[in-house]
Every structure is written in structure tokens, then in C-alpha cells.
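This report concerns only the one structure given below.
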Amino acid sequence: MDGDIFSGIGNGTQVDSKVLQAFQKNFVRVQDILDQNRLLINEINQNHESKIPDDLSRNVSLIRELNNNIRRVVDLYADLSSSFTKSVEASSEGDSGGSLKSNGKASQKRIRSG
């Protein structure tokens, strides 16, 4: 993955590489599920067009699987959104004297006046 994708988030702050790896992992999972859904939809369409009773019955389980996959994608996107928001907030806090730890939590640093 290109490390520059999220490098400018916030006010020029850098996003932790572990956060980027988590985003990458979730995006890959989403894409895998969407690819699987495309195959399921193709099979559902073929079964529907065939009008063969056994194929039509099989569509019931295929549609259930498709619905479950859609729920998984929604959950993954919700997790991505939440993680992204937390990263940006932590990154913004980092601009005011905090820093983003690899676990995604901000830690405050005391700034000494000179």
C-alpha cells in the first residue's frame, strides 16, 4: 500500500503506519466480500433464468448469504469510519501537543515554555 494516501490528514500530521495497515486490511476484506457478492448475484440470476425448481430453491440460501455479506460490508465500513474519525481526532490532538500512539489513542505531552 502507498504510505502517502493518508499522510496529509489533519493539519499536515502523519498517520501511524499501523492505522494505515488496518485500513488496508479492512478495504481488502470489503473488496473480497464484494467480489463474492458479484459471483452470488450471477448465480442467482442464472438460477432465476433457468426456472428449474431446484435452482430456484437454491436461490433462497444464496440470497441469505448475499444479505449476510451485505451486513458484513456495512459493519466493516462502519468500523472503517469509526477508526478514521478516531485517527483524525487523535491526529488533531497531536497537533496541540499530543501524539498518536500505535494503538490509535492519543497521549498528551506537556509543552515546556522556554
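Each value in this text was obtained by applying a stated rule to the coordinates, not by laboratory testing. Here the structure is a predicted model, which means the values were calculated and not measured. Neighbour counts are summed over all protein chains in view; Cβ atoms, including those assigned to glycine, are modelled from backbone coordinates with ideal geometry.
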Subject >> Extension reserve of the Gln36-Leu76 stretch, reckoned as 0.36 nm per residue once the Cα distance is removed >> reply: 12.9 nm
**OP:** Extending each Cα 7 Å along its Cβ direction at Asn26 and Arg64, get the distance between those two points in nm, one decimal.
**Re:** 2.9 nm
**OP:** Please give the peptides 33-40, 45-52 ranked by average Cβ packing (other Cβ atoms within 10 Å per residue), highest first, as a rough proxy for protection.
**Re:** 33-40, 45-52
